[in-house]
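Worksheet for the structure shown next.
The values are calculated or read from the model by the stated rules, or taken from the named source; none is laboratory data. A quick note: this is a predicted structure, and the numbers were derived from the prediction, not measured. Here the Cβ positions follow ideal geometry from the backbone for every residue, glycine too, while neighbour counts run over all protein chains shown. These area figures cover heavy atoms from the full protein model, side chains too; ligands, DNA and RNA do not enter into them. Shrake-Rupley method; radii C 1.70, N 1.55, O 1.52, S 1.80 Å.
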Amino acid sequence: MTSWEIERLRSRIAEAAAGRQFILQGGDCAEVFDECRPDILTSKLKILLQMSLVLTDGVKCPIIRVGRFAGQYAKPRSNPTETRNGVTLPSYFGDLINSAAFTPAARQPDPERLVAAYQHAALTLNFIRALVEGGFADLHHPEYWDLNFLGKSGLSAEARENYHRRVAFVANAIELMEILTGQQMDQLTHSEFYTSHEGLSLAYETALTRRVPRRPGWYNLGCHLPWIGERTRAVDGAHVEYFRGIRNPVGVKIGPDITTSELLRLLDVLDANREPGDLVLIARLGAKQVRARLPELITAVAESGHKPAWMCDPMHGNTVSTRSGRKTRHVDAILSEVLDSIDLHLSAGSWLAGVHCELTAESVTECVGGASGVQESDLDTAYQTLCDPRLNYEQAMEVAFAIAKRFEGRNPRPPNGHRPTT
Ligand code: PEP
Ligand code: CO
């Protein structure tokens, strides 16, 4: 990537923090080398495009599309080892480190994987860029994203109709603008895509950190928006030390155990210059805790004068284990956390600037509930994730529809002004 793209994303995130744009960040929990294939990458793009179109219509602002791809290869694990049938091996730490197969050879960490990860990330990015630049993501042609896609899926007739209504609305708005201005809305309709991953392996991240001509500072040119995970966000830890030194916008996950003073110290380190667009706070508090914790965090941040973009990750605070030991998440909990976050921000005079989801366009059965009706007993049917459970296509669209609906009529932001804080 280039520093130009990174700077552009910074300025868009600054807009999102000010309530004028919305970030959709999504993709696999663990991206794997074997899935660096055109069909799979195209589906990843399609689902983010479809969700973003629904959100454009509902939130009524430009959507910043950020994939958890082209580098989401490293996983923090709560347990360093895994035991199956009495055999204990190192856990799978993501394709950047070792391989998922449960054999001693596969679980052996291999530094050559750092190079392979870079190559797969570059291939992924190249393919995504080719699709986006080639016009696949152009809003003039939403039909490219749904041919044989919506039709085949288990999406309800009502949801399909909802999607088509929103597509038609956006298409008509573009057409009207083009008639009124006599110009092609290429600037408006050309979609941008950004990449993100958890910056867990400092060996990988620092190797891709460079200076560029005619710009001060250091850029991580391995992705646009790296983030610090919940487990590595210690203020005096190595990750925060590395992240405070790069020009990229930086995400930081915050879980329910964070104290306000810890959060304020993080802001002072990661957003020391108080430049808009520097920082994205990705709250993953859990549906049960969000009402109790989010308002005090929003208030403390607002009083500190920092202006990060607030996002909600409604996935990681809502992971549960089934009796058979499968990790899953309930769509109801996911919806409840994200919708509560929207409301809590609005009532605090703040703005939820985005959502961060683990999702796939494939028909997996990893999360339960929602309109697609996956039950706990269905989990074994297509449980494919190598780490956390992802929303499948219908569940992801359901989340997008719900967010769009919740924002409807509630985003009074004038394009160049401040949102009223009522
Ligand atoms: C993740 O995003 O996959 C992750 C591990 O998240 P968190 O750091 O919030 O637990
Ligand atoms: Co995850």
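Tabulated results
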| read-out | value |
| --- | --- |
| All positions within the range 236-289 that are in a loop (DSSP other than H, G, I, E, B), out of contact with any His (no Cβ under 6 Å at 6 or more places or on another chain) and within 25 Å of Thr319 (Cβ to Cβ) | Gly237, Gly255, Pro256, Asp257, Ile258, Thr259, Leu285, Gly286, Ala287, Lys288, Gln289 |
| In the range 10-60, the residues that are within 21 Å of Ser363 (Cα to Cα) and of a type in the set (Gly, Ala, Ser) | Gly26, Gly27, Ala30, Ser43, Ser52 |
| Some residue of the range 162-175 being within 16 Å of ligand 1 (Cβ to nearest atom) and under 30 Å from Glu398 (Cβ atoms) | no |
| Residue within the range 352-364 that is away from ligand 2 (no atom under 15 Å from the Cβ), over 25 Å from Ala292 (Cα atoms) and touching an Asp or Glu at 6+ places or on another chain (Cβ under 8 Å) present | no |
| Residue selected from the range 93-106 under the condition surrounded by 14 or more Cβ atoms within 10 Å (Cβ to Cβ) and not aromatic (Phe, Trp, Tyr), by the criterion nearest to ligand 1 (Cβ to nearest atom) | Gly94 |
| Residue selected from the range 287-309 under the condition over 18 Å from Leu264 (Cβ atoms) and surrounded by 19 or more Cβ atoms within 10 Å (Cβ to Cβ), by the criterion nearest to ligand 2 (Cβ to nearest atom) | Ala287 |
| In the range 363-395, residue farthest from Ser52 (Cα to Cα) [restricted to those that are modelled with pLDDT of 95 or more and hydrophobic (A, V, I, L, M, F, W, C)] | Val368 |
| Strands (runs of 3 or more DSSP E) contained in the range 34-92 and holding at least 1 residues among the acidic types (Asp, Glu), away from ligand 1 (no atom under 16 Å from the Cβ) and open to solvent by 10 Å² or more (accessible area, probe 1.4 Å) | 81-84 |
| Which listed residue, of Leu339, Leu352, Leu386, is in contact with a Lys or Arg (Cβ under 9 Å, 6 or more places away or on another chain) and crowded, with 19+ Cβ neighbours inside 10 Å | Leu339 |
| Residues (in contact with a strand residue (DSSP E or B) (Cβ under 9 Å, 6 or more places away or on another chain), more than 20 Å from Val59 (Cβ to Cβ) and open to solvent by less than 20 Å² (accessible area, probe 1.4 Å)) located in the range 5-17 | Ile6 |
| Extreme residue, surrounded by the fewest Cβ atoms within 10 Å (Cβ to Cβ), among residues of the range 18-33 that are among the small types (Gly, Ala, Ser) and either at pLDDT below 90 or assigned to a loop (DSSP other than H, G, I, E, B) (or both) | Ala18 |
| Subset of the range 310-345 that is in contact with a Leu (Cβ under 7 Å, 6 or more places away or on another chain) and more than 16 Å from ligand 2 (Cβ to nearest atom) - its residue that is modelled with the lowest pLDDT | Thr322 |
| Lone unmet requirement of (1) open to solvent by less than 40 Å² (accessible area, probe 1.4 Å); (2) modelled with pLDDT of 75 or more for Leu155 | (2) |
| Among (1) farther than 17 Å from Val374 by Cα; (2) within 15 Å of ligand 1 (Cβ to nearest atom); (3) of a type in the set (Ser, Thr, Tyr) - the single one Thr360 does not satisfy | (1) |
| Residue within the range 391-406 that is within 15 Å of ligand 2 (Cβ to nearest atom) and surrounded by 20 or more Cβ atoms within 10 Å (Cβ to Cβ) present | yes |
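Residues checked against (1) open to solvent by 60 Å² or more (accessible area, probe 1.4 Å); (2) hydrophobic (A, V, I, L, M, F, W, C); (3) farther than 19 Å from Arg284 by Cα; (4) without any contact (Cβ under 8 Å) to a residue 24 or more places away in the chain:
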position: Arg211; (1), (2), (3), (4): yes, no, yes, yes
position: Tyr219; (1), (2), (3), (4): no, no, yes, no
position: Cys223; (1), (2), (3), (4): no, yes, yes, no
position: Gly229; (1), (2), (3), (4): no, no, no, no
position: Val235; (1), (2), (3), (4): no, yes, no, no
position: Glu241; (1), (2), (3), (4): yes, no, yes, yes
position: Arg244; (1), (2), (3), (4): yes, no, yes, no
position: Lys253; (1), (2), (3), (4): no, no, no, no
